[in-house]
Structures are given as structure tokens and as C-alpha cells.
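The block underneath contains the structure these notes are about, expressed in C-alpha cells.
The values are calculated or read from the model by the stated rules, or taken from the named source; none is laboratory data. Predicted model only: the values in this text are computed from it and were never measured. Neighbour counts are summed over all protein chains in view; Cβ atoms, including those assigned to glycine, are modelled from backbone coordinates with ideal geometry. Side chains included, ligands, DNA and RNA excluded: accessible areas come from the protein's heavy atoms. Shrake-Rupley method; radii C 1.70, N 1.55, O 1.52, S 1.80 Å.
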Amino acid sequence: YLMPYIGAGIQKFNTASGLTVNGDADFSGNADFGDSDKVQLGASQDLQIFHDGSHSRIAEAGTGDLKIGTSGGAVRITANGVTDDMIVANQGGAVSVSHSGSTKLATTSSGVAITGGFTATDGCTITTADNDPQLILKSTDADASSGPVLQLFRDSASPADDDVIGQLKYIGKNDAAE
């Protein structure tokens, strides 16, 4: 049924054929959608917001990027009902990723700061354009044990008696770039 037109908007509307609003629509209550029903925006319904029955989703269904912006200080991703930020992207500045309320990875003006250990599952290259050390192993432990420790660990699934355990290579170039 359609209630009479009152003021500048529709007061109550119920139809199986859909609703078209030309102009602004003001709501004073909830707009309830069932699972997999979508709020679709854009001429080709490119932006979609919905719940699929298991997960809530915001999707860019067209060919563009999904951009989240702010005119405030930061974009924050938090757990629902929890004040701990999972990801904070500051406008024009640092981005931080946290675990259980503690920042573990943060971008800085000079690079990346990691709090805690890290694991790399592929080869890594450190390149600098100066003669400063590229890698420093620093131990701040005050006991009498050795430290820092560089450990080379060959963890083969099929070790043999004549396997080479580790190697340090020194490689350089002469004045002919050889």
C-alpha cells in the first residue's frame, strides 16, 4: 500500500515491484535488508554493500578501485565493540598494523618499523646507496652468555652425511665491473 504523500518525502511505501526515488530521501529509521540483498550504488551498481549470510561485505563490482577516504585524521579498522585498532591509516602519514592491541608493523618517514620477530619465506635483498651497515644484529641482553648470535640452520627433509651446512660468500667487482 502507499500512504498519502506528506511533506517532501514518502512516509510509508510497500510494493513488490521496487521503489524509485528521484531526489533526496530522508530516513528516520532503519532500512532492513535480508541476507544477500544489496545496497547498490552507481549507474552500473558498481558499489555493493551486503551480508551474504555468513560475512558482511563491501564490494567494488565494477572495474575501478574501492577507495576509502576521510577528511579527518585517519581511516581505522577495528573489531566490532572493541577500541583496539587492527589497522590505522593516517591521512598523509603512517600506517600501522596491530595484533591484540599492540602495534607490530608501522610505516615511518624513513621505512618500516617491526616490533617483534619476522619470518620471511623467500629470498630477501637489502640494498642501500651508502657504506653504512646493511644488517646489524644487536643484543641488549646483560648476561654473560654470548650474543648476538647468527645462526645458519639447514632444515632439510632428507639430510645426508655430506650436506654442506652453511656458507658465507664474499662477492665484489673489479674496476671493469667483473
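So which of SER109, SER100, SER139 is out of contact with any Phe, Trp or Tyr (no Cβ under 7 Å at 6 or more places or on another chain), farther than 30 Å from GLY42 by Cβ, surrounded by 11 or more Cβ atoms within 10 Å (Cβ to Cβ) and free of Cβ contacts under 8 Å to residues at least 40 places away in the same chain?
SER139
Would you be able to tell me the number of residues in the stretch 18-59 that are within 25 Å of ILE77 (Cα to Cα) and open to solvent by less than 60 Å² (accessible area, probe 1.4 Å)?
10
Scanning the stretch 60-70 for residues that are open to solvent by 60 Å² or more (accessible area, probe 1.4 Å) and closer than 18 Å to VAL95 by Cβ, which turns out modelled with the lowest pLDDT?
Per the stated criteria, the residue is GLY69.
Please give the number of the condition MET86 fails out of (1) closer than 30 Å to LYS38 by Cβ; (2) open to solvent by 80 Å² or more (accessible area, probe 1.4 Å); (3) part of a loop (DSSP other than H, G, I, E, B).
The single condition MET86 does not satisfy is (3).
Of all residues in the stretch 71-97 being polar (S, T, N, Q) and more than 30 Å from GLY42 (Cβ to Cβ), which is modelled with the highest pLDDT?
If we take residues in the stretch 71-97 being polar (S, T, N, Q) and more than 30 Å from GLY42 (Cβ to Cβ), then SER96 is modelled with the highest pLDDT.
Scanning for something polar (S, T, N, Q) and within 30 Å of ARG76 (Cβ to Cβ), does the stretch 132-148 turn up at least one residue?
no
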